[in-house]
Protein chains: 2
Amino acid sequence: MDEAPHYRPLYRQVYGFLVKQIADGSWRPGESLPSEQALAARLNVSQGTVRKALDSLAVEKLVERRQGKGTYVAEHTQERALFRFFRLTTIGGVRAIPTSAGETVRRREARRDEIQRLNLASGALVVEINRTRLIDGKPAIHERIILPLALFPGIDKRTPLPNALYSLYQHEYGHNIVAAHEELRAELARKEDARRLKLKPGAPLLHIDRIGVALDGMRVEWRTSRCDTSHLVYAVTLS
Amino acid sequence: MDEAPHYRPLYRQVYGFLVKQIADGSWRPGESLPSEQALAARLNVSQGTVRKALDSLAVEKLVERRQGKGTYVAEHTQERALFRFFRLTTIGGVRAIPTSAGETVRRREARRDEIQRLNLASGALVVEINRTRLIDGKPAIHERIILPLALFPGIDKRTPLPNALYSLYQHEYGHNIVAAHEELRAELARKEDARRLKLKPGAPLLHIDRIGVALDGMRVEWRTSRCDTSHLVYAVTLS
DNA sequence: GAGTGGTCTAGACCACGCA
DNA sequence: GCGTGGTCTAGACCACTCT
């Protein structure tokens, strides 16, 4: 007997309704939602039930709640978009701001591995972005970013791209990145790594493979980063 | 005016009380807490307030709640202790079970970096554990674990140590590891790495530096792992 | 059927931000 | 002073587990 759950609590239904509204853009990033009272009245449930749904949304960082003011659709501001999923810090533990250098953008047919990772149809078009990131003015990370063109029409014409791509995704294309699945390996610098990051071939590199997942569960971005960790570390707290 | 918060909500006070009881061992791992009703009566608050505190504890994985049964003090079972903070998977994404080989345990005075990382007094004694971990029978990870002897009296006499150390820490010493701060870098295999992991010197290694933090906030363990990531990846989901 | 946690409601009051 | 979210209470009923 492996049945689907026979029943969804009311607050989960309210939660689903709110997520849909946000995904649709009925309330835009940065805007405030109706008050708990107003939502409760509109949906014919008690305020406590709305509250429970909103609290879940806040935990998942889809909304922000401010006592005395209201509940706001969370926004990937430039600042936060840069750091929410960016785990690299200088060795003292300080976040250094990455800047871009040497950006190239082109569109082409998706390769087999890209089709698989991003759940694309064969023959789909993608945009490939290559850019080197500087920390304290020195090249430290090389990123290759693969985007399905269908989800980001015309993004290859928007050069130069902003520092914080996730903010662009959210505001211009409505794709709200809410989770990132990362896989890390140690590798050796190849010739092209050495050139881009001013290293010797054979130097150790941290290779990071990230799939960015949007609010609706779609895999929206594949990003591979190759990082010189002689002056940086990837810091994460597990709990 | 940088004042301390003027007031702590009731449910936070209840939360603090419960954490203290668990830390003290008043309820032992695996045992059930009193029911919400009973706690509410004992503490003179409403059941809803107790519930809110228990829900926080459940989110932080200090307790587990089972509908129809009760609320239980979370337990680092062998199984879960192994995997809760273990992010290495085989490339298909499957968790492989590590086994131990070549374990050495000795006690000595703490070195400067250990004193700093574990907040020790100078001259404090530590236990150093070195062991190589096998995945699918092949050496893949070398761990060096530093423990303050004061927190783990006699642990150096307990060889061979179990596979899941965190379970031992919790049940035998009352140190409940609830968070791990990890820092990752790519490095090259040195001669001793090469010997232990059957690699060539100069092969890439993932170096993981972990501080294990206990329930009371104490830094209880410093663990450095050096991993051959040719057949493994470090997988983590950011959100 | 008894006891547990889970959901839902209604209402009172508190803390905060703003005009 | 008003409206917002935050806390706290009391009580009803539901879903689950075990006896």
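No lab work stands behind these numbers, since they all come straight from the coordinates. Being a predicted model, the structure only gives us computed values, none of them experimental. Positions of Cβ are generated from backbone atoms using ideal geometry, with glycine treated the same way; all protein chains shown enter the neighbour counts.
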### Message
Translational diffusion coefficient of the protein assembly as shown at 37 °C, 0.692 mPa s, Stokes-Einstein with Kirkwood Rh over Cα pairs, in µm²/s as a whole number.
### Response
129 µm²/s
### Query
In region B:43-114, if every C-alpha pair distance is counted and binned at 10 Å from zero, what percent goes to each bin?
13, 26, 25, 22, 12, 2
### Query
Listing B:Ser32, B:Ser225 from the residue with the fewest other Cβ atoms within 10 Å to the one with the most, what is the order?
B:Ser32, B:Ser225
### Query
Each residue of region B:222-239 in order: what ³J(HN,Hα) in whole Hz does its phi give by Karplus 6.51 cos²θ - 1.76 cosθ + 1.60, θ = phi - 60°, with x for Gly and Pro?
10, 10, 10, 10, 10, 10, 7, 9, 6, 10, 10, 10, 8, 10, 8, 10, 9, 8
### Summary
Fewest-first ordering of A:Asp113, A:Asp156 by Cβ atoms within 10 Å yields A:Asp113, A:Asp156
### Query
What is the fewest-to-most order of B:Arg87, A:Arg195 by other Cβ atoms lying within 10 Å of their Cβ?
A:Arg195, B:Arg87
### Query
What distance in nm separates the simple spin-label points at A:Asn130 and A:Ala235, each placed 7 Å from Cα in the Cβ direction?
3.2 nm
### Task
Could you state, as a whole-number percent, how many of the C-alpha pairs of region B:88-159 are farther apart than 16 Å?
56 percent
### Message
With viscosity set to 1.306 mPa s at 10 °C, what whole-number translational diffusion coefficient in µm²/s follows for region A:115-239 from Stokes-Einstein and a Kirkwood radius over Cα pairs?
### Response
101 µm²/s
### Message
Given 4 °C and 1.567 mPa s, compute D for region A:1-138 with the Stokes-Einstein relation, Rh being the Kirkwood radius over Cα pairs; round to the nearest whole µm²/s.
### Response
68 µm²/s
### Message
Using a 10 Å cut-off around each Cβ of peptide A:228-237, what is the average number of partner chain Cβ atoms that fall inside?
### Response
5
### Lys, Arg +1 and Asp, Glu -1 on Cβ, resulting dipole of region A:68-163 about Cα centre, debye, nearest 20
60 debye
## Note on the structure
Per-residue average of other protein chain Cβ atoms inside 10 Å, peptide A:68-78 -> 0
### Query
How well do other chains shield peptide B:176-182, expressed as the mean number of their Cβ atoms within 10 Å of each residue Cβ?
3
### For peptides B:47-56, B:201-210, B:75-84, sequence by mean Cβ density within 10 Å, most packed first
B:201-210, B:47-56, B:75-84
### Message
How far, in whole Å, is the closest Cβ of chain A from the axis that maps A onto B, and which residue does it belong to?
### Response
A:Ala186, 2
### Summary
Bounding extents of chain B in its principal axis frame from Cα atoms, largest first in Å, are 65, 45, 43
### Message
Along the charge dipole of the protein assembly as shown, pointing to its positive end and built from +1/-1 on Cβ of Lys, Arg, Asp and Glu, which listed residue (B:Leu215, A:Ile129, B:Phe86) has its Cα farthest out?
### Response
A:Ile129
### Query
How many angstrom separate the Cα center of region A:198-229 from the Cα center of region B:192-239?
19 Å
### Task
Taking all pairs of distinct Cα atoms, average 1/r, flip it, and tell me the Kirkwood hydrodynamic radius of region B:10-73 in Å to one decimal place.
11.5 Å
### Query
To the nearest 20 debye, what charge dipole does chain A have about its Cα centre, counting +1 at the Cβ of each Lys and Arg and -1 at the Cβ of each Asp and Glu?
540 debye
### Task
Please report, in debye to the nearest 20, how large the charge dipole of the protein assembly as shown is about its Cα centre when each Lys and Arg carries +1 at its beta carbon and each Asp and Glu carries -1 there.
820 debye
### Query
Among all lysine pairs in chain A that are eight or more places apart or on different chains, how many have alpha carbons less than 16 angstrom apart?
5
## Note on the structure
Plugging the Cβ-Cβ distance of B:Glu109 and B:Glu192 into 1/(1 + (r/R0)^6) at R0 = 22 Å yields, to the nearest 0.05, a FRET efficiency of 0.50
